[in-house]
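This report concerns only the one structure given below.
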Amino acid sequence: MSWALVVSAPEEEAELVASELFDSGALGVEVQDHSLPLMPGTPALPDGRARLIAHFASREEVFELAQLTSGEPLEIEEQDWSVSWRAHHKTMRMGPRSWVRPPWEELKLSPGEVAVAIDPGMAFGTGSHPTTSLCCERVDELLQTFPGADVLDIGTGTGVIALIAARLGAARVVGTENDPVALAAARKGAALNGIDSVDWLLAENPDDVPGEFGIVIANILLNPLEELAVQIAQRVAPRGRLVLSGLLSAQGDAAVHAYVQQGLRYVERKERDGWCRVELARD
Ligand SMILES: C[S@@+](CC[C@H](N)C(=O)[O-])C[C@H]1O[C@@H](n2cnc3c(N)ncnc32)[C@H](O)[C@@H]1O
(Lines give C-alpha, C1' and ligand atoms only; values in the text may rest on other atoms or scores of the structure.)
Protein backbone atom coordinates (compact mmCIF):
# COMPACT_ATOMS: atom_id res chain seq x y z
CA MET A 1 0.00 0.00 0.00
CA SER A 2 1.07 3.57 -0.50
CA TRP A 3 -0.39 6.89 0.62
CA ALA A 4 -1.58 9.98 -1.17
CA LEU A 5 -3.27 13.23 -0.23
CA VAL A 6 -6.39 14.25 -2.17
CA VAL A 7 -6.88 18.00 -2.38
CA SER A 8 -9.71 19.95 -4.01
CA ALA A 9 -8.87 23.36 -5.50
CA PRO A 10 -10.42 25.92 -7.84
CA GLU A 11 -9.41 24.87 -11.35
CA GLU A 12 -7.45 28.07 -12.03
CA GLU A 13 -5.33 27.48 -8.91
CA ALA A 14 -4.64 23.79 -9.55
CA GLU A 15 -1.12 24.26 -10.93
CA LEU A 16 -0.13 26.55 -8.09
CA VAL A 17 -1.44 24.05 -5.53
CA ALA A 18 0.44 21.27 -7.35
CA SER A 19 3.67 23.30 -7.04
CA GLU A 20 3.03 23.77 -3.33
CA LEU A 21 2.46 20.04 -2.91
CA PHE A 22 5.79 19.35 -4.65
CA ASP A 23 7.40 21.90 -2.32
CA SER A 24 5.91 19.96 0.61
CA GLY A 25 7.63 16.80 -0.55
CA ALA A 26 5.17 15.20 -2.99
CA LEU A 27 6.92 12.72 -5.27
CA GLY A 28 4.29 13.19 -7.95
CA VAL A 29 1.00 15.03 -8.32
CA GLU A 30 -1.85 14.00 -10.58
CA VAL A 31 -4.21 16.84 -11.52
CA GLN A 32 -7.76 15.92 -12.55
CA ASP A 33 -9.75 18.75 -14.11
CA HIS A 34 -12.44 19.34 -16.70
CA SER A 35 -9.97 19.63 -19.59
CA LEU A 36 -9.68 15.83 -19.93
CA PRO A 37 -12.18 12.99 -19.56
CA LEU A 38 -11.82 11.22 -16.22
CA MET A 39 -10.79 7.58 -16.06
CA PRO A 40 -13.78 5.24 -15.65
CA GLY A 41 -14.65 4.83 -11.98
CA THR A 42 -13.22 8.23 -10.96
CA PRO A 43 -15.74 10.33 -8.97
CA ALA A 44 -17.16 13.30 -10.93
CA LEU A 45 -15.62 16.72 -10.28
CA PRO A 46 -17.67 19.62 -8.88
CA ASP A 47 -18.09 22.52 -11.34
CA GLY A 48 -15.00 24.73 -11.56
CA ARG A 49 -12.93 22.56 -9.21
CA ALA A 50 -9.94 20.33 -9.81
CA ARG A 51 -8.81 17.32 -7.79
CA LEU A 52 -5.12 16.85 -7.01
CA ILE A 53 -3.76 13.49 -5.91
CA ALA A 54 -0.33 13.96 -4.38
CA HIS A 55 1.80 10.89 -3.77
CA PHE A 56 4.20 10.90 -0.83
CA ALA A 57 6.95 8.60 0.37
CA SER A 58 5.35 8.00 3.78
CA ARG A 59 2.00 7.78 5.52
CA GLU A 60 3.31 10.23 8.18
CA GLU A 61 3.86 12.97 5.60
CA VAL A 62 0.33 12.53 4.27
CA PHE A 63 -1.31 12.72 7.70
CA GLU A 64 0.82 15.68 8.79
CA LEU A 65 -0.15 17.63 5.65
CA ALA A 66 -3.79 16.58 5.93
CA GLN A 67 -3.90 18.42 9.26
CA LEU A 68 -2.44 21.57 7.71
CA THR A 69 -4.62 21.53 4.59
CA SER A 70 -8.18 20.52 3.80
CA GLY A 71 -6.77 17.43 2.05
CA GLU A 72 -7.90 13.88 2.70
CA PRO A 73 -5.50 10.96 3.09
CA LEU A 74 -6.02 8.14 0.59
CA GLU A 75 -4.59 4.66 0.91
CA ILE A 76 -3.95 3.23 -2.51
CA GLU A 77 -3.36 -0.25 -3.77
CA GLU A 78 0.28 -0.81 -4.58
CA GLN A 79 0.78 0.40 -8.11
CA ASP A 80 3.64 1.92 -9.98
CA TRP A 81 2.03 5.33 -10.35
CA SER A 82 5.20 6.75 -11.84
CA VAL A 83 4.62 4.39 -14.76
CA SER A 84 1.12 5.75 -15.40
CA TRP A 85 2.73 9.18 -15.78
CA ARG A 86 4.79 7.92 -18.66
CA ALA A 87 1.83 8.14 -21.00
CA HIS A 88 1.91 11.94 -20.52
CA HIS A 89 5.68 12.43 -20.78
CA LYS A 90 6.66 13.21 -24.36
CA THR A 91 9.66 14.64 -26.17
CA MET A 92 9.48 18.45 -25.99
CA ARG A 93 11.47 21.28 -27.51
CA MET A 94 12.74 23.52 -24.70
CA GLY A 95 14.75 26.22 -26.47
CA PRO A 96 16.35 27.07 -29.81
CA ARG A 97 18.92 24.26 -29.40
CA SER A 98 17.53 22.06 -26.63
CA TRP A 99 15.09 19.21 -26.11
CA VAL A 100 13.85 17.12 -23.21
CA ARG A 101 12.94 13.53 -23.95
CA PRO A 102 11.70 10.56 -21.96
CA PRO A 103 14.44 7.92 -21.62
CA TRP A 104 12.34 5.48 -23.66
CA GLU A 105 12.00 7.79 -26.69
CA GLU A 106 14.72 8.20 -29.30
CA LEU A 107 15.34 11.64 -30.82
CA LYS A 108 17.26 12.55 -33.95
CA LEU A 109 19.04 15.83 -33.29
CA SER A 110 20.01 18.44 -35.86
CA PRO A 111 23.58 19.74 -35.75
CA GLY A 112 24.14 21.99 -32.74
CA GLU A 113 21.11 20.64 -30.84
CA VAL A 114 21.22 18.87 -27.46
CA ALA A 115 18.77 16.69 -25.55
CA VAL A 116 18.50 15.54 -21.97
CA ALA A 117 16.57 12.45 -20.90
CA ILE A 118 14.31 13.00 -17.89
CA ASP A 119 12.60 10.12 -16.08
CA PRO A 120 9.39 11.54 -14.59
CA GLY A 121 7.98 10.79 -11.19
CA MET A 122 10.65 11.59 -8.61
CA ALA A 123 10.72 15.39 -8.70
CA PHE A 124 9.31 18.50 -10.32
CA GLY A 125 10.77 19.28 -13.73
CA THR A 126 9.78 16.98 -16.58
CA GLY A 127 9.68 19.98 -18.90
CA SER A 128 5.92 20.05 -19.35
CA HIS A 129 5.23 22.73 -16.72
CA PRO A 130 5.24 26.24 -18.25
CA THR A 131 7.73 27.53 -15.67
CA THR A 132 10.19 24.74 -16.49
CA SER A 133 9.95 25.33 -20.22
CA LEU A 134 10.23 29.11 -19.76
CA CYS A 135 13.45 28.66 -17.75
CA CYS A 136 15.00 26.03 -20.03
CA GLU A 137 14.26 28.19 -23.06
CA ARG A 138 15.98 31.18 -21.49
CA VAL A 139 19.05 29.30 -20.26
CA ASP A 140 19.46 28.03 -23.84
CA GLU A 141 19.16 31.57 -25.27
CA LEU A 142 21.44 33.11 -22.64
CA LEU A 143 24.15 30.52 -23.26
CA GLN A 144 24.05 31.56 -26.93
CA THR A 145 24.63 35.17 -25.88
CA PHE A 146 27.14 34.30 -23.14
CA PRO A 147 28.77 31.04 -24.29
CA GLY A 148 30.54 29.14 -21.54
CA ALA A 149 28.96 31.18 -18.72
CA ASP A 150 28.71 29.68 -15.22
CA VAL A 151 25.15 28.62 -14.32
CA LEU A 152 23.52 28.30 -10.89
CA ASP A 153 20.13 26.50 -10.88
CA ILE A 154 18.41 27.11 -7.53
CA GLY A 155 15.65 24.56 -6.80
CA THR A 156 16.85 22.16 -9.45
CA GLY A 157 14.13 19.47 -9.04
CA THR A 158 14.91 16.80 -11.66
CA GLY A 159 17.97 18.87 -12.59
CA VAL A 160 16.54 19.57 -16.02
CA ILE A 161 17.79 23.19 -16.31
CA ALA A 162 21.26 22.40 -14.98
CA LEU A 163 21.58 19.38 -17.27
CA ILE A 164 20.59 21.39 -20.35
CA ALA A 165 23.08 24.09 -19.31
CA ALA A 166 25.85 21.48 -18.98
CA ARG A 167 25.01 20.02 -22.39
CA LEU A 168 25.06 23.50 -23.93
CA GLY A 169 28.62 24.10 -22.75
CA ALA A 170 28.19 26.12 -19.56
CA ALA A 171 31.49 26.19 -17.66
CA ARG A 172 30.66 25.65 -13.99
CA VAL A 173 27.13 24.35 -13.31
CA VAL A 174 25.68 24.02 -9.81
CA GLY A 175 22.18 22.72 -9.02
CA THR A 176 20.80 23.23 -5.50
CA GLU A 177 17.83 21.63 -3.74
CA ASN A 178 16.42 21.82 -0.24
CA ASP A 179 14.70 18.45 -0.75
CA PRO A 180 17.01 15.42 -0.56
CA VAL A 181 14.56 13.25 -2.56
CA ALA A 182 14.60 15.72 -5.45
CA LEU A 183 18.38 16.06 -5.23
CA ALA A 184 18.72 12.28 -5.46
CA ALA A 185 16.49 12.39 -8.56
CA ALA A 186 18.73 15.07 -10.09
CA ARG A 187 21.85 13.00 -9.42
CA LYS A 188 20.13 9.99 -10.99
CA GLY A 189 19.15 12.11 -13.98
CA ALA A 190 22.76 13.24 -14.41
CA ALA A 191 23.93 9.62 -14.39
CA LEU A 192 21.20 8.67 -16.87
CA ASN A 193 22.54 11.35 -19.22
CA GLY A 194 26.21 10.55 -18.58
CA ILE A 195 26.76 14.10 -17.30
CA ASP A 196 29.24 14.31 -14.42
CA SER A 197 30.16 17.98 -14.61
CA VAL A 198 27.29 19.38 -12.50
CA ASP A 199 27.78 20.00 -8.76
CA TRP A 200 24.60 18.99 -6.90
CA LEU A 201 24.22 20.67 -3.53
CA LEU A 202 21.68 20.14 -0.75
CA ALA A 203 21.10 23.76 0.30
CA GLU A 204 18.12 25.77 1.53
CA ASN A 205 20.04 29.00 1.20
CA PRO A 206 22.15 30.05 -1.81
CA ASP A 207 24.66 31.54 0.69
CA ASP A 208 25.95 27.98 0.92
CA VAL A 209 27.06 28.12 -2.73
CA PRO A 210 30.51 29.64 -3.12
CA GLY A 211 31.19 32.17 -5.88
CA GLU A 212 29.21 34.18 -8.40
CA PHE A 213 27.57 33.04 -11.64
CA GLY A 214 26.99 34.70 -15.01
CA ILE A 215 23.55 33.07 -15.16
CA VAL A 216 21.44 32.38 -12.05
CA ILE A 217 18.07 30.67 -12.47
CA ALA A 218 15.55 30.06 -9.70
CA ASN A 219 12.25 28.40 -10.53
CA ILE A 220 10.84 28.41 -7.01
CA LEU A 221 7.70 30.13 -5.73
CA LEU A 222 7.28 33.86 -5.01
CA ASN A 223 7.58 33.50 -1.21
CA PRO A 224 11.04 31.87 -1.18
CA LEU A 225 12.14 34.18 -4.01
CA GLU A 226 11.25 37.18 -1.83
CA GLU A 227 12.69 35.68 1.36
CA LEU A 228 15.99 34.78 -0.32
CA ALA A 229 16.30 37.92 -2.47
CA VAL A 230 19.48 39.14 -0.74
CA GLN A 231 21.24 35.78 -0.98
CA ILE A 232 20.08 34.96 -4.54
CA ALA A 233 21.02 38.43 -5.85
CA GLN A 234 24.50 38.09 -4.32
CA ARG A 235 25.18 35.04 -6.50
CA VAL A 236 24.76 37.08 -9.73
CA ALA A 237 28.14 38.10 -11.16
CA PRO A 238 28.79 41.60 -12.58
CA ARG A 239 27.13 41.76 -16.06
CA GLY A 240 25.32 38.53 -15.12
CA ARG A 241 21.67 37.66 -15.57
CA LEU A 242 19.06 36.44 -13.09
CA VAL A 243 16.03 34.47 -14.33
CA LEU A 244 13.15 33.92 -11.90
CA SER A 245 10.05 31.79 -12.29
CA GLY A 246 7.60 29.70 -10.30
CA LEU A 247 5.53 32.86 -10.60
CA LEU A 248 1.93 33.30 -11.62
CA SER A 249 1.58 36.14 -14.14
CA ALA A 250 0.14 38.38 -11.42
CA GLN A 251 3.22 37.76 -9.21
CA GLY A 252 5.87 38.85 -11.73
CA ASP A 253 5.96 42.50 -10.62
CA ALA A 254 6.43 41.58 -6.96
CA ALA A 255 9.43 39.39 -7.83
CA VAL A 256 10.95 42.14 -9.98
CA HIS A 257 10.44 44.66 -7.17
CA ALA A 258 12.23 42.42 -4.62
CA TYR A 259 15.32 42.15 -6.85
CA VAL A 260 15.40 45.76 -8.08
CA GLN A 261 15.71 46.56 -4.36
CA GLN A 262 18.88 44.44 -4.40
CA GLY A 263 20.41 46.66 -7.08
CA LEU A 264 19.53 44.56 -10.13
CA ARG A 265 18.06 46.05 -13.33
CA TYR A 266 14.81 44.73 -14.84
CA VAL A 267 15.38 43.31 -18.34
CA GLU A 268 12.24 41.53 -19.56
CA ARG A 269 9.42 39.13 -18.78
CA LYS A 270 7.69 36.35 -20.67
CA GLU A 271 4.36 34.66 -19.98
CA ARG A 272 3.04 31.17 -20.74
CA ASP A 273 -0.34 29.69 -19.71
CA GLY A 274 -0.84 32.02 -16.75
CA TRP A 275 2.74 31.69 -15.48
CA CYS A 276 5.66 34.01 -16.06
CA ARG A 277 9.41 34.30 -16.00
CA VAL A 278 11.16 37.57 -15.21
CA GLU A 279 14.75 38.52 -15.93
CA LEU A 280 17.09 40.99 -14.26
CA ALA A 281 20.71 41.96 -14.84
CA ARG A 282 23.59 43.14 -12.69
CA ASP A 283 25.30 46.03 -14.51
C1 LIG B 1 8.98 24.42 -9.19
S2 LIG B 1 10.22 23.25 -8.80
C3 LIG B 1 11.38 23.58 -10.12
C4 LIG B 1 12.17 22.38 -10.55
C5 LIG B 1 13.01 22.61 -11.80
N6 LIG B 1 14.07 23.58 -11.55
C7 LIG B 1 12.16 23.09 -12.95
O8 LIG B 1 12.37 24.21 -13.41
O9 LIG B 1 11.28 22.35 -13.37
C10 LIG B 1 10.96 24.02 -7.40
C11 LIG B 1 12.01 23.17 -6.71
O12 LIG B 1 12.69 24.01 -5.81
C13 LIG B 1 12.93 23.34 -4.60
N14 LIG B 1 13.09 24.39 -3.59
C15 LIG B 1 12.13 25.14 -2.99
N16 LIG B 1 12.70 26.06 -2.17
C17 LIG B 1 14.05 25.89 -2.28
C18 LIG B 1 15.20 26.52 -1.69
N19 LIG B 1 15.08 27.50 -0.82
N20 LIG B 1 16.44 26.08 -2.02
C21 LIG B 1 16.59 25.07 -2.89
N22 LIG B 1 15.54 24.42 -3.49
C23 LIG B 1 14.30 24.83 -3.18
C24 LIG B 1 11.74 22.42 -4.44
O25 LIG B 1 12.07 21.31 -3.64
C26 LIG B 1 11.45 22.02 -5.90
O27 LIG B 1 12.12 20.83 -6.27
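Run through all the Cα pairs of the range 86-281 and give the fraction in each 10 Å bin from 0, expressed as whole percent.
Here the calculated profile for the range 86-281 is 10, 41, 38, 11, 1.
Quick check: net charge around Ser70, other residues with Cβ under 15 Å of its Cβ, Lys/Arg +1 and Asp/Glu -1?
Numbers: positive: Arg49, Arg51; negative: Glu13, Glu20, Glu64, Glu72.
Around Ser70, the surrounding residues sum to -2.
Tally up the carbon and sulfur contribution to the accessible surface of the chain as a whole percent, 1.4 Å probe, everything protein left in place.
Numbers: 6710 of 13160 Å².
In the chain, the share of accessible area belonging to carbon and sulfur is 51 percent.
Report the calculated FRET efficiency for Leu107 and Gln234 (r = Cβ-Cβ distance, R0 = 51 Å), to the nearest 0.05.
After rounding, the FRET efficiency stands at 0.85.
Check Arg49: other-chain or 5+ apart residues with amide H under 5 Å from its amide H, H built from backbone geometry?
Glu11
Pop out the ³J(HN,Hα) list for the range 20-34 in order, Karplus 6.51 cos²θ - 1.76 cosθ + 1.60 with θ = phi - 60°, rounded to Hz; leave Gly and Pro as x.
Whole-Hz 3J(HN,Hα) from phi for the range 20-34: 5, 5, 4, 4, 8, x, 4, 7, x, 10, 9, 10, 9, 9, 7.
Cβ neighbours within 10 Å, averaged per peptide: list 186-193, 140-147 in order, most packed at the top.
Details: 186-193: 18.9, 140-147: 16.4.
In descending order of packing, they fall as 186-193, 140-147.
Hey, what's the range 87-145 come to in accessible area per residue, 1.4 Å probe, Å²? Before the final figure, lay out each step's value.
On the way: 2460 Å² over 59 residues.
Here the residues of the range 87-145 average 42 Å² of exposed surface.
Apply the Karplus curve 6.51 cos²θ - 1.76 cosθ + 1.60, θ = phi - 60°, to the phi angles in the range 193-206 and return the couplings in whole Hz, x for Gly and Pro.
8, x, 9, 10, 9, 8, 8, 9, 10, 7, 8, 7, 10, x
Amide H to amide H under 5 Å from Ser98: which residues, 5+ apart in sequence or cross-chain, H placed 1.01 Å off N in plane?
Val114
What is the extension gain from Thr145 to Lys188, computed as 0.36 nm multiplied by their sequence separation minus the C-alpha to C-alpha distance, in nm to one decimal?
Working: separation 43, 0.36 × 43 = 15.48 nm, distance 2.96 nm.
My answer for the length gained is 12.5 nm.
Would you grab the residues whose amide H sits under 5 Å from the one on Leu247? Only those 5+ places off in sequence or on another chain, please, with H modelled 1.01 Å from N.
The answer is Cys276.
When the Karplus curve 6.51 cos²θ - 1.76 cosθ + 1.60 is applied with θ = phi - 60°, which whole-Hz ³J(HN,Hα) does each residue of the range 265-282 get, with x for Gly and Pro?
Each residue's phi maps through the Karplus curve to give 9, 5, 10, 6, 9, 9, 10, 8, 6, x, 10, 9, 10, 10, 10, 10, 10, 9 Hz.
What is the calculated FRET efficiency for Glu75 to Asp199, with r their C-beta to C-beta distance and R₀ = 41 Å, to the nearest 0.05?
Details: r = 39 Å, r/R0 = 0.96.
With R0 = 41 Å, the Cβ-Cβ based efficiency is 0.55.
Taking 7 Å along the Cα-to-C-beta vector as the label spot, tell me the Glu268-Glu227 distance in nanometres, rounded to one decimal.
3.2 nm
Among Val278, Pro238, Cys136, whose Cα sits farthest toward the positive end of the charge dipole of the chain (+1 at Cβ of Lys/Arg, -1 at Cβ of Asp/Glu, about the Cα centre)?
Pro238
The values are calculated or read from the model by the stated rules, or taken from the named source; none is laboratory data. Just so it is clear, the structure is predicted and the values come from calculations on it, not from any experiment. Cβ sites come from the backbone with ideal geometry, for glycine too, and all protein chains shown count toward neighbours. When the accessible area is computed, the model is the full protein with side chains, heavy atoms only, and any ligands, DNA or RNA have been set aside. Shrake-Rupley method; radii C 1.70, N 1.55, O 1.52, S 1.80 Å.
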